[in-house]
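Below is one structure, written out as structure tokens; comments come after it.
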Amino acid sequence: MSILEVEHIQKVYTTRFGGNQVQALTDVSFQVEEGEYVAIMGESGSGKTTLLNILAALDRPTRGQVVLDGKSLSMIKEKEIAAYRRKNLGFVFQDFNLLDTFNIQDNIYLPLVLAGESYQNMKSRLHPIAQQLRIQEILRKFPYEVSGGQKQRAAVARALITGPRLILADEPTGALDSRAAGDLLTVFQKINEKGQTILMVTHSVMAASCAERILFIKDGQVFHQIYRGEKTDEEMYGMISDTLRMLATGGDHHA
Amino acid sequence: MRKGFYFRLALQNMEKNKRTYLPYLLTCICSVMMYYFMSFLTLNPGMDQMPDARNVKTIMGMGTWVIAIFSVIFLFYTNSFLMKRRKKEMGLYNILGMEKKHIGRMLLYETLINAALSLLLGIGLGILGSKLIFLFLMKLLSFPVALGFFISVRSVVNALALFGAIFLLTYLNDLRQIHMADPVELLRGSSMGEKEPKTRWLLVLIGILCLGGGYWIAVTTESVMAALSYFFAAVILVMVGTYCLFVAVSVAVLKLLKDCKGFYYKTKHFTAVSGMIYRMKQNAVGLANICILSTGVLLLISTTVCLYIGREEIITGRYPREVSLSAYETDEEGFSKVQEVEAQVLENWDLEPEDITVYRSIQMVVLDKGDKMDILSGDEYPANAMEKIAGVAFIPLEDYNACMGEARTLDPGQALLFTNKKGMDGRKELSIGGKKWEITEELEELFTEIKVGNPQIDDYYLVVDSVGTLESIAREDPASGGIIYQKDYDLPGDPDVRVKAEEQLRAQVSQVSEEPAHVRVAAREYDRMSFYSTYGGLFFLGIFLGLLFLMATALIIYYKQLSEGYEDRQRFEIMQKVGMSKREVKRSISSQILMVFFLPLVTAVIHIGFAFPLMKRLLAMMNLYNTGLFAVCTLGTIGCFALVYAAIYALTARTYYRIVDQSVF
């Protein structure tokens, strides 16, 4: 069953004084099934970030709707949206977005504290996640004291700890060196194997090649998609590269 | 490079940074202006028309120094804040190929523009406003003044020299910072890694001890003399304590809260506690500055206002009678000569004295040790505050009977006692300087009302059997100072005439004896001028410096809001992404900001509360004994100050929210 349905989304930005209109998304539709690992690729300016913001309910589409678990995001009241986001979505960002005033552990606790969980409950939830992500050693440290890869794993832990229906990752390997990036992608694959649904926006071929399905966005619409099937990471890598080359040189509409 | 390039670059920089530059420029202008005002008032020849110009001039001269010192510290502080904010910009210039020498030249132009603007506008506005300020001061001093416009060249030169030097210093400091840093460091500049502050237990301990010590001194000091000498000790202790309080104690308390898991991991406390720890780390010194400045403003204004309002009361307390003539080291014959001259002067002015009392007395200062009193001579005052100073006066019975219209009799060794000390418990004996006096009666009233107003010094008036007894006391104890001939009376009539008559009286009477100091005339109407000018001058200074400190407080608050805004912007973006609603974020921000900015005010008010008993004693030294009035003045000042503070907060908070707004609101 589809966990996420994106139906004919259009997003038009109007400049402040009315004048010009910019179409960020023309018409985007796709579904994500429970337990899927989907990557969305596209050049900068293709509308990836706009799409992600709409999925995260940080922004509202001009037309069309996003349905998560059978519930349309546009039906949720403004007041409940933060709580809804907290409960159902986990975020991983390019620049980690850890708060420098909290140590790693408190950063991970943040969404739970906001949800009003008890300390005992939080503690018992943290333990298995910290173990899985190998961050037990750095829980007491502060963001400025740990490496980029560790920060990003902490951010993943923060996204996972609420047990979200969907993880939204925005360019998660963007600020990491290749080893840390590889590390993180393995983490993503592992948590995906345990049934976690992941939607990742990226323009890194390596990151995308780990996903099960890749959507390509160009000029505000879904242009093409690739399924992994039985292919290896290397084969995926090649296919993605070819597709990107085709996208860059211009080509016909596939999807 | 083209001519004028650096100049235009400097102008452009100031324009781009106007959010931080404009308040700095305004502060510079205000400081120059206020310095000119003060210096102008000290040097103004119009001042010399006043009879007691010296008092006011001394006060204003002091004010000039305070403003000068304050300007140095404060402008230096704000400038370094500006530089800190601009480090990144400098680093960028450096990386884009500008040498440090070029950056230095650019900064030189900026400093020159800033200095030129502040000096020009500051002195210009100072000259324009000086007349107004002068008239205001004269109004406060209740002194009519001839109109006329005057520019003090010396003040202008002084202002140019002082502020020129300050700007040079700030420029050199900027250069030093630029040269010390490498470009990468400059680029990172203000966003250095955030370390969690450690609890510094030693500072916590020092803070608590200093604050406690300062408060203890303020509350327990009883004697007026001790109050004066301990005042500065208390001020310094409280200042040190305040810095420690904000720097260390606040962090310690917050960390303890953080360790308390059940409390810390609650939605309401979580972001607030950790946020506050960092805010305190970054702002502790600034907040302590605000707190100390606020305390200074409150103390200055409340006491000077109180003295100004209570000045009439002070005068009547100090001068129960219109004229009080005392002659020292003289005899009957000498005193009658004085009286002849006096009668002549009064006749000249056609004044008729009323309610005359003439008496002889011996007055001495003693150390009250409970069961006995030791006579003190000259300037020796006890260092120990536990021993009390008291005043003792001996008056012969015949003068008492003459003044009161009674016909009492006393034996040698017996005395009638009049005292303002409560609870004599019907003591039948007083031992003064080794001599015992049997108290036959405690009097309800006495013809002289000297010093009845001063509740802090006990006065004992002993009416003894004869003048002969007085003479023998004077002989036996040289420290007693000999017999004083005293004549007190009231003078009805036009105050203007009285002033002139009293002035003449003072001049003529002092010529009678060989030593002018041997005859003293305390004339209420004549001395009123000097009281008015002293307390008026103090009042003026209080308000003036109060405004200066307030301006400084406002600027520090503004810069705090500004820097916090830039730092918080990112933080609140993240919180929102992680799942905090806008409303939660906004509530969390405003509660933290409110706490940070009203903490200094609350602390200042607590300081004032503890300082109250000490200030009360210091005011008593200036002859103001009206505690109720002082309480009202203090509360009024706190109320007004809190309003102004809140207004400053509201204004600057708008800037803060506008900065954070771009992400959250």
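The values are calculated or read from the model by the stated rules, or taken from the named source; none is laboratory data. A quick note: this is a predicted structure, and the numbers were derived from the prediction, not measured. When we count neighbours, we look across all protein chains shown, and the Cβ atoms used for this are built from the backbone with ideal geometry, even at glycine. Areas reflect the complete protein model, heavy atoms only, side chains present, ligands, DNA and RNA absent. Shrake-Rupley method; radii C 1.70, N 1.55, O 1.52, S 1.80 Å.
The residues listed here are A:115, A:56, A:39; of these, the one that is touching a helix residue (DSSP H, G or I) at 6+ places or on another chain (Cβ under 9 Å), open to solvent by 10 Å² or more (accessible area, probe 1.4 Å) and aliphatic (A, V, I, L, M) is A:115.
For the criterion of being part of a helix (DSSP H, G or I), within 24 Å of residue B:82 (Cα to Cα) and open to solvent by less than 30 Å² (accessible area, probe 1.4 Å), residue B:562 passes. Against the test of being hydroxyl-bearing (Ser, Thr, Tyr), buried (at least 18 other Cβ atoms within 10 Å of the Cβ) and at the interface with chain A (Cβ under 9 Å from one of its Cβ atoms), the options B:581, B:588 yield a single qualifying residue, B:581. Listed conditions (1) touching a helix residue (DSSP H, G or I) at 6+ places or on another chain (Cβ under 6 Å); (2) surrounded by fewer than 18 Cβ atoms within 10 Å (Cβ to Cβ) are all met by residue A:25, apart from (2). Of the strands (runs of 3 or more DSSP E) entirely within segment A:186-255, those holding at least 1 residues that are among the aromatic types (Phe, Trp, Tyr) occupy A:213-218, A:221-227. Summed over segment A:144-157, the residues that are open to solvent by 10 Å² or more (accessible area, probe 1.4 Å), within 13 Å of chain B (Cβ to nearest Cβ) and assigned to a helix (DSSP H, G or I) give a count of 3. Pairing residues of segment A:107-121 that are at the interface with another protein chain (Cβ under 8 Å from one of its Cβ atoms) and within 20 Å of residue A:153 (Cα to Cα) with residues that are of a type in the set (Lys, Arg) and crowded, with 23+ Cβ neighbours inside 10 Å, at Cβ distances under 8 Å and at least 6 apart in sequence or on separate chains, gives A:110/A:158; A:111/A:158. Within segment A:161-188, the set of residues being closer than 21 Å to residue B:580 by Cα and open to solvent by 20 Å² or more (accessible area, probe 1.4 Å) comprises A:162, A:163, A:165, A:170.
Does segment B:117-145 hold any residues that are among the polar types (S, T, N, Q) and either more than 24 Å from the chain's Cα centre (by Cα) or surrounded by 19 or more Cβ atoms within 10 Å (Cβ to Cβ) (or both), and which are they?
B:118, B:130
Figure legend. Inter-residue proximity from segment A:58-71: first residues within 14 Å of another protein chain (Cβ to nearest Cβ), second residues assigned to a strand (DSSP E or B), beta-carbon distance below 8 Å, spacing 6+ or different chains. Indicated pairs: A:59/A:11.
Hey, can you tell me all the residues within segment B:450-466 that are among the charged types (D, E, K, R) and at pLDDT below 75?
B:451
Considering segment B:196-207, the residues that are under 20 Å from residue B:258 (Cβ atoms) and in a helix (DSSP H, G or I) include one that is nearest to the chain's Cα centre (by Cα), namely B:207. Just one of (1) more than 18 Å from residue B:163 (Cα to Cα); (2) over 21 Å from the mean Cα position of the chain (by Cα) fails for residue B:60. It is (2).
Scanning segment B:641-658 for residues that are within 19 Å of residue B:542 (Cβ to Cβ) and free of Cβ contacts under 8 Å to residues at least 40 places away in the same chain turns up just one, B:643.
The single condition from (1) in contact (Cβ under 8 Å) with a residue 60 or more places away in the chain; (2) of a type outside the set (Ser, Thr, Tyr); (3) farther than 30 Å from residue A:118 by Cα that residue B:213 fails is (1). Kindly establish whether residue B:444 is of a type in the set (D, E, K, R), at pLDDT below 85 and exposed (fewer than 11 other Cβ atoms within 10 Å of the Cβ). When the stated conditions are applied, residue B:444 passes them.
Counting the residues of segment A:208-231 that are of a type in the set (A, V, I, L, M, F, W, C) and touching an Asp or Glu at 6+ places or on another chain (Cβ under 8 Å) gives 1.
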